[in-house]
Amino acid sequence: GEYSAPGAEACTPCLFGHFCDSTGISAEVMGRDKRCPAGLHCPTGTDHVPVSPADDCPLGNFCPEGAGAEPRDPYPVPCPPGLFANETGHPVCDPCPRGTYCLEGATDPTGLCAPGYYCPINPTRSAEEPCPGGTYMPTSGAQQVSDCLTCPAGSICPPGTSDPLLPASIAPVGYYSDAGQAIPTPCPPGRFG
């Protein structure tokens, strides 16, 4: 569980991301030959060869080989936003599925994409990509832009719309809208609304 640094008068606990399974291990040997295998968790002072499942990387994290080799590195490494790990022993995190989003350290997708938005692969927030102007999405969990619905005639749909709006809600009288419009259109000369 310890190693000897060059010129040290005493041994030091084995660095996290490494294991010191015998006596007389130098800093060079620890750094070169005693790196924790990918998917396994070696906290500071690990005194045995890590094995699965006892030393598996915890949920919501991933453990690349020798993770945390630098004292400032996090160990184990939390899954970054857009990724998750719902099993132990992950050497890398899994991409968050379409229609959902994942926050940092997620053990499962954090939630569904919000109405008015769609979430392609690896989304990091519920309002990842707004449905374009002229379309809307009334439900949660849209996966791609083609899931967004065409705004009906007589309504307008600015980007990110969950419920089509009546033109009068954002414009005075004298405007109209055809299907698929993001903003109302003024009535042409000789017409009124």
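The values are calculated or read from the model by the stated rules, or taken from the named source; none is laboratory data. None of the values given here were measured: they were computed from a predicted structure. Neighbour counts run over all protein chains shown; Cβ positions are idealised from the backbone, glycine included. Only protein heavy atoms, including side chains, enter the accessible area calculation; ligands, DNA and RNA are left aside. Shrake-Rupley method; radii C 1.70, N 1.55, O 1.52, S 1.80 Å.
Once the piece of chain linking Phe192 and Glu65 is laid out straight, how much longer is it, given 0.36 nm per residue of separation minus the C-alpha distance between them? Please list the in-between numbers first.
On the way: separation 127, 0.36 × 127 = 45.72 nm, distance 7.06 nm.
So the extension gain works out to 38.7 nm.
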Report summary line: Amide H contacts under 5 Å for Gly105, restricted to residues at least 5 apart in sequence or on another chain and with H modeled in the peptide plane, are Cys79
Query raised in the report: To the nearest 500 deg cm²/dmol, what mean residue ellipticity at 222 nm is calculated for the chain from DSSP H runs of n ≥ 4 alone, each contributing -39,500 (n - 2.57), summed and divided by the residues?
Result: -1000 deg cm²/dmol
Report task. Enumerate cysteines in the chain without a disulfide-compatible partner, where compatibility requires another Cys Cβ under 4.7 angstrom. Result -> Cys11, Cys187
Query raised in the report: Rounded, prolate or oblate: which fits the stretch 15-110, taking a ≥ b ≥ c as square roots of the Cα gyration tensor eigenvalues, rounded meaning a/c under 1.5, else prolate when a/b beats b/c?
Result: prolate
Report summary line: Once Lys and Arg are counted +1 and Asp and Glu -1 for all other residues with Cβ under 10 Å from that of Cys79, the total becomes -2
Query raised in the report: What nm distance separates the two modelled labels at Leu112 and Val92, each placed 7 Å from Cα along Cα→Cβ?
Result: 3.0 nm
Query raised in the report: What ³J(HN,Hα) values, in whole Hz, does the Karplus curve 6.51 cos²θ - 1.76 cosθ + 1.60 give for the stretch 176-192 when θ = phi - 60°, with x put for Gly and Pro?
Result: 9, 8, 8, 4, x, 9, 8, 10, x, 10, x, 4, x, x, x, 10, 9
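Please give me the summed charge of the neighbours of Gly1: other residues whose Cβ is under 9 Å from its Cβ, Lys and Arg +1, Asp and Glu -1. List each step's numbers first, then the result.
Working: positive: none; negative: Glu2, Asp21, Asp47.
Local charge sum for Gly1: -3.
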Report task. Can you figure out the FRET efficiency of Ala179 with Gln143, using R₀ = 30 Å and their beta-carbon distance, to the nearest 0.05? Result -> 0.85
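Return a whole-number percent for the relative contact order of the chain, with Cα pairs under 8 Å and 6 or more residues apart as the contact set. List each step's numbers first, then the result.
On the way: 578 pairs, mean separation 23.7, N = 193.
Normalised by residue count, the contact order of the chain is 12 percent.
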Query raised in the report: For the stretch 106-193, how big is the tail of P(r) above 16 Å, as a whole percent of Cα pairs?
Result: 54 percent
Query raised in the report: In sequence order, what are the phi-derived ³J(HN,Hα) couplings for the stretch 26-43 according to the Karplus relation 6.51 cos²θ - 1.76 cosθ + 1.60 with θ = phi - 60°, rounded to whole Hz, with x for glycine and proline?
Result: 8, 4, 5, 5, 4, x, 8, 10, 10, 7, 4, x, 4, x, 10, 10, 10, x
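If exposed trypsin sites (Lys or Arg not before Pro) are those in a DSSP loop with at most 11 other Cβ within 10 Å, what is the longest stretch of the chain that has none? Write down the numbers at each step before the final one.
On the way: sites that count: Arg72, Arg191.
The longest such stretch corresponds to 73-190.
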Report task. Only one of the values (i) 1.04; (ii) 1.09; (iii) 1.69 was calculated from this structure for Cα Rg over 2.2 N^0.38 Å; name its label. Result -> (iii)
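May I ask for the net charge around Cys119, where only other residues with Cβ less than 12 Å from the Cβ of Cys119 are counted and Lys, Arg are +1 while Asp, Glu are -1? Can you show the working numbers first?
Working: positive: Arg98, Arg125; negative: Glu128, Glu129, Asp147.
Once positives and negatives cancel, what remains is -1.
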Report summary line: Amide H neighbours of His18 at under 5 Å, excluding residues fewer than 5 places away on the same chain, with H built from the backbone geometry, are Cys36
Query raised in the report: Which cross-chain or sequence-distant (5 or more) residues have an amide H under 5 Å from the amide H of Glu129, H modelled 1.01 Å from N in plane?
Result: Tyr118
Query raised in the report: With the dipole of the chain worked out from charges on the C-beta (+1 for Lys and Arg, -1 for Asp and Glu) around the Cα centre, which of Pro158, Pro43, Ala5 lies farthest toward the positive end?
Result: Pro158
Query raised in the report: Taking a probe of 1.4 angstrom, what is the accessible area of Phe16 in Å², to the nearest 10?
Result: 40 Å²
Report task. Using the Karplus curve 6.51 cos²θ - 1.76 cosθ + 1.60 with θ = phi - 60°, work out ³J(HN,Hα) for each residue of the stretch 102-108 in order, rounded to whole Hz, and write x for Gly and Pro. Result -> 9, 8, 4, x, 5, 9, 8
Query raised in the report: Which whole-number percent gives the relative contact order of the stretch 128-193, counting Cα pairs below 8 Å spaced six or more residues apart?
Result: 33 percent
